[in-house]
1. How are the C-alpha pair distances of the chain spread across 20 Å bins, as whole percents from the shortest bin up?
2. By accessible area of protein heavy atoms, probe 1.4 Å, what ranking do Leu251, Leu209, Leu346 get, highest first?
3. Could you work out the pair-distance distribution P(r) of segment 95-221 from its alpha-carbon pairs, with 10 angstrom bin width and percents rounded to whole numbers?
4. Round to a whole angstrom and tell me the spacing of the C-alpha centers of segment 1-34 and segment 213-279.
5. How much accessible surface area, in Å² rounded to 10, belongs to the heavy atoms of Asp43 with a 1.4 Å probe?
6. Roughly speaking, what % of Cα-Cα pairs in segment 330-451 are separated by over 18 Å, rounded to a whole number?
7. Can you classify segment 31-78 as rounded, prolate or oblate using the Cα gyration tensor, where a ≥ b ≥ c are the square roots of its eigenvalues, rounded means a/c under 1.5, and otherwise it's prolate if a/b beats b/c and oblate if not?
8. If R₀ is 56 angstrom, what is the calculated FRET efficiency for the pair Val420 and Glu344, using the beta carbon separation as r and rounding to 0.05?
Amino acid sequence: MKNITLDITKASCFLAEGAVAAFKPQVKAAQEALENGTCPGNDFLGWLHLPSSITPAFLDEIQTCANVLRQNCEVVVVAGIGGSYLGARAVIETLSNSFGWLIQDPKNPTILFAGNNIGEDYLFEMTEYLKDKKFGVINISKSGTTTETALTFRLLKKQCEAQRGKEEAKKVIVAVTDAKRGAARTCADKEGYTSFIIPDNVGGRFSVLTPVGLLPIACAGFDIKSLVEGAQSMEKACGKDVAFEENPAALYAAVRNGLYQSGKKIEIMVNYQPKLHFVSEWWKQLYGESEGKDKKGIFPASVDFTTDLHSMGQWIQDGERTIFETVISIEEPEQKLHFPSDEENLDGLNFLAGKRVDEVNKMAELGTRLAHVDGGVPNIRISVPKLNEYYIGQLIYFFEIGCGISGNVLGVNPFNQPGVEAYKKNMFALLDKPGYEADSKAIKERLAKEA
């Protein structure tokens, strides 16, 4: 099978001649640091060779659990936030029917995502929707105390037990959590839930190829073996012994760092397929949380074209020249639809009659790329042969290894997220959480002075 491919020609042309090649020593050093475990955050490198370490027996175990949920649930709610849900949602949304939530496919349970916000209306409406449904829950949390997820899981646990009875509920509630520690582990052991382990050495945003992502994806009816095979093939294609010029992740890391050093501070992820929206959302967390620290880092943004050409297109074409684009291009869509002819031709579109809709989309993509490059926006293009499990697996690993290399070249620890804790401290203080008494007093005095 083919691999996804990377084209940097419309990006490297904005840099001085040889600028990308000049990153070769830094990229090689970054890869060696990852391989040797000598880089910052080296206790979170379990994702690096995760694809090749996954066994068929492990995937069978995941699939067996998924089958129990599929056979006993109309709806499966995935409770998680950040890396505990974005990867799974990206894959599921990419591979699902765009209107699957309306069709209610009897072969597959509806997959809902919760625990990623504290919206009261959202949670109320979800619990109302579930009142007449046979539903199960996948609770994904290493600690079990992340506010958004823990709050949601408590609601779902109580409702599932009330509707199905406590014993039956135990069969359709699954925990994906720490091996030994934390509230979620304690709850799973106490209640007798089926559980899977989040490896200690894999951070949340790199966890889609662990049970965090694999179990929900399998519940949705997709082929996790093919997904992993795709990731395995990309692990080989991006190995440390692959020549710099032939290694797509190495080149991606090099060109984006070159653009950053030249003043391009914002990377916009672009797609021309609505199904890829949550791939961009997953990518934004992966790169934003990995590189945005020490007052450094490219700001990750995203647009869905052609939709956003009618909202953000003007800014991208003519706004401040601090941006570059990375375009995910799908070579062949799953379906075929030809544009019809119309006798009256009031809309003037008969010149498109007989063409595939994808041909029109591809010309919009090419025309936009030419216009943006002419307007001073460097363009990186990632070409994906088809939207299936194998190539999505490739894309996941490509972005993960590209992120690990790029963060090390940038000179940050790509595997921590110290800035995430600041809002939590303030929130807990404002809610008078036990143990935060001094912080509560200080923040309330501050707010009183600012009033």
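The values are calculated or read from the model by the stated rules, or taken from the named source; none is laboratory data. This one's a predicted model, so the numbers in the text were calculated from it and none came from an experiment. Cβ atoms come from the backbone with ideal geometry, glycine included; neighbour counts cover every protein chain shown. Each accessible area value is taken on the protein alone, full model and side chains, heavy atoms only, with ligands, DNA and RNA left out. Shrake-Rupley method; radii C 1.70, N 1.55, O 1.52, S 1.80 Å.
1. Each 20 Å bin holds this share of Cα pairs: 23, 53, 23, 1.
2. Numbers: Leu251 30, Leu209 5, Leu346 150 Å².
Putting Leu251, Leu209, Leu346 in descending order of accessible area: Leu346, Leu251, Leu209.
3. 12, 41, 38, 9, 0
4. If you average the Cα positions of each part, the centres end up 14 Å apart.
5. My reading of the accessible area for Asp43 is about 90 Å².
6. Details: 5617 of 7381 pairs.
I get 76 percent for the Cα pairs in segment 330-451 exceeding 18 Å.
7. On the way: a/c = 5.88, a/b = 2.57, b/c = 2.29.
Prolate.
8. Using R0 = 56 Å, I get an efficiency of 0.45.
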